[in-house]
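What follows is one structure encoded as structure tokens, with my remarks underneath.
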Amino acid sequence: MTLRTLGPHRFARLVRLIRAFDREAEKCAKIRSYYAACVLEAAVFEGLLVAVCDGYMEEVESYLAQMPSRRRPQGQIWEWGLADLIRVATELEWLPKRSGPRGRLKIGDLVGVVKELRNLVHPGRHVRQYPNLRLRSGHYQDAYEIVRAATARIDADAIRRL
């Protein structure tokens, strides 16, 4: 399968959407709506990963060509789920992971927290996995800081590639 780019118009819309989600997440956090804030922060992160994959389409296609077809994300980049986007970003080392179980944690090890916080919007999952958890300010702060660190890491990597 050949991946298609978003194109300049859709890419610009994606960037505007990411910014809108970011503003909304901050508003939600200010009024202590931490579930909404965490979901929106994950949406910011997902949008960022879609944008980066679109910008580095050749690298993504090369990586996908090496994957077994049963593990390969289906459809176009903008149709992938957050788990697929995270897997691509960590495997391409845009978001590096620690080298061993005792190594120092890196940003690629932490991004799953954002996905997990986002998934708490599913009531069944929340009740099964975290029955006594209520999201609070610290959870949003963790999501916010992880997304900012991932963004900084990806931006720094992109600048090095230019």
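Contact list please: Cβ distance under 7 Å, first residue in the stretch 99-119 and without any contact (Cβ under 8 Å) to a residue 12 or more places away in the chain, second residue in a loop (DSSP other than H, G, I, E, B) and basic (Lys, Arg), pairs at least six apart or on different chains.
If the second residue must be in a loop (DSSP other than H, G, I, E, B) and basic (Lys, Arg), the pairs left are Arg104/Arg98; Leu105/Arg98; Lys106/Lys97; Lys106/Arg98.
Considering only the stretch 1-96, give the helices (runs of 4 or more DSSP H) lying wholly within it that have at least 2 residues that are over 27 Å from Leu135 (Cβ atoms) and out of contact with any helix residue (DSSP H, G or I) (no Cβ under 8 Å at 6 or more places or on another chain).
Working: elements: 7-30, 34-55, 57-66, 82-91.
Output list reads 7-30, 57-66.
Could you say which residue among Ile86, Ile31 is exposed (fewer than 12 other Cβ atoms within 10 Å of the Cβ) and at pLDDT 95 or above?
Details: Ile86 fails: exposed (fewer than 12 other Cβ atoms within 10 Å of the Cβ).
Of Ile86, Ile31, the one residue that is exposed (fewer than 12 other Cβ atoms within 10 Å of the Cβ) and at pLDDT 95 or above is Ile31.
Just the residues that are surrounded by 16 or more Cβ atoms within 10 Å (Cβ to Cβ) and outside any helix (DSSP H, G or I), please, taken from the stretch 101-131.
Selection gives Lys106, Leu120.
Output the number of residues of the stretch 132-144 satisfying the condition of being hydrophobic (A, V, I, L, M, F, W, C) and in a loop (DSSP other than H, G, I, E, B). Give the derivation first.
Going through the stretch 132-144, the residues hydrophobic (A, V, I, L, M, F, W, C) turn out to be 133, 135, 143.
Okay, now just the ones that are also in a loop (DSSP other than H, G, I, E, B), so 133, 135.
Here the count works out to 2.
Does Glu41 satisfy the criteria of being more than 17 Å from Val111 (Cβ to Cβ) and of a type in the set (D, E, K, R)? Reasoning before the result, please.
Values: more than 17 Å from Val111 (Cβ to Cβ): no; of a type in the set (D, E, K, R): yes.
Considered against the rule, which asks whether it is more than 17 Å from Val111 (Cβ to Cβ) and of a type in the set (D, E, K, R), Glu41 comes out as no.
The values are calculated or read from the model by the stated rules, or taken from the named source; none is laboratory data. What you are looking at is a predicted structure, and each value in this text was computed from that prediction instead of being measured. A quick note on method: Cβ atoms are made from the backbone with ideal geometry, for glycine too, and the neighbour counts reach across all protein chains shown.
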